[in-house]
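What follows draws every value from the coordinates through simple rules; no lab data is involved. From a predicted model like this one, the values you see are computed outputs, not experimental measurements. Don't worry about glycine lacking a Cβ; one is built from the backbone with ideal geometry, like all the others, and counts go over all protein chains shown.
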């Protein structure tokens with residue numbers, strides 16, 4: 001190495017000039033920068049972006065989930081925990097506990113693919129800031145959305161082509177409708193049980 005290379009001073013000054021050149025170029029060309037001014041400007045993501053999970057509801061307010069454990073079985077990260085309960089009147093299962101650990105979730109969408117009742121969706125919402133590990137575990141209170149929630153423009157949903165479901169379970173579509181109680185009063189099941197309240 002030459003004496004000037006051993007001093008490292010010319011290389012340091014050259015690096016500083018290069019940094020100054022990039023700084024002045026960026027200051028006078030703010031519109032051309034690849035960065036965005038978040039949160040004022042939000043990045044546009046794909047229609048199939050896999051973000052926050054939701055559990056959809058039927059028209060009577062009960063969750064579509066029948067606690068079949070298909071989503072937790074298909075999950076490669078093993079981040080879904082389900083405990084099933086059974087309505088004594090209709091003998092239909094429902095989730096008493098449905099937790100997703102977002103720190104373990106890899107947002108692969110396998111749970112959405114596996115769901116036979118069309119109960120779980122992945123929205124395009126990516127703003128999920130948390131400050132503790134305990135808040136990273138979301139349950140029924142955070143996941144269940146009302147029946148009139150717009151699920152049309154959601155993110156990841158498997159597409160199997162046009163399917164005529166005729167009210168049966170499986171695949172994508174309306175899911176299995178809630179059956180009436182086989183008793184004289186014909187009262188529907190308690191919706192609070194389905195919500196996990």
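Order the peptides 102-109, 5-12, 137-144 from the highest to the lowest mean number of other Cβ atoms within 10 Å of their residues.
My ranking of the peptides, most packed first, is 137-144, 102-109, 5-12.
The protection proxy used here, the mean number of other Cβ atoms lying within 10 Å of each residue, ranks peptides 75-86, 28-39 as follows, highest first: 75-86, 28-39.
Distance between the 7 Å Cα→Cβ label points at residue 17 and residue 36: 3.8 nm.
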